[in-house]
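Here's the structure we're looking at; comments come further down.
Rule-based calculations on the coordinates, nothing more; no lab input. These numbers were taken from a predicted model, which means no experiment stands behind them. Note that we place each Cβ from the backbone using ideal geometry, even for glycine, and neighbour counts take in every protein chain shown.
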Amino acid sequence: MAEGPNVLVRDGRLLMIYSGSTVGDSYTTGLATATAGRGVDLTDPAAWTRLNYPIQKSGPFNGQWQLGTGHGMWSHDEDDNPLYVFHARADHRGLSGRDTFVRRVHFAADGMPVFDMTADEEVAPSLRAVTVAVVVR
């Protein structure tokens, strides 16, 4: 079962996230890509390439469990940086009580989205403090 597709266009490529693998701890997020542009028949399944592994699944993130991750969507912050909004459970409360999470999206060298960068991976702790000298002439 696959549901909830949502598409982001980036660098001439369509990135479609979708949810699947039934509701529960095995609920995951998949990704299919296609080339954007005139003449591309996006209704043809052959136009799409699907990853053979989930781009997001249940597991710990920043020290907190996120179970049954799924049904996400792309969004943007005020500076037009991409965000990923999704729901998951933060504990074993059964199938109810899902919470909403928002993550910054980064992109690997091959253009694939990276959803699981921690704060320490985004900016190394040694580079977080910046000193600036302003010279007025």
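All Cα-Cα separations within the chain were binned at 5 Å from zero, giving a P(r) of 2, 9, 16, 19, 17, 13, 9, 6, 3, 2, 2, 1, 0, 0, each value a whole percent of the pairs.
Rounded to the nearest 20 debye, the dipole size of the chain about its Cα centre is 40 debye, using +1 on the Cβ of Lys and Arg and -1 on the Cβ of Asp and Glu. Put a dot 7 Å past the Cα of ARG137, heading toward its Cβ, do the same for GLU122, and the two dots end up 3.7 nm apart. Placing a label point 7 Å from the Cα of THR35 along the Cα-to-Cβ direction, the residues of the stretch 9-24 whose backbone N falls under 16 Å of that point are 10-15.
When only Cα pairs below 8 angstrom with a gap of at least 6 residues are kept, the chain shows a relative contact order of 16 percent. May I ask you to derive the FRET efficiency for ALA129 and ASP80 from their Cβ-Cβ distance with R0 = 22 Å, giving the value to the nearest 0.05? Using R0 = 22 Å, I get an efficiency of 0.25.
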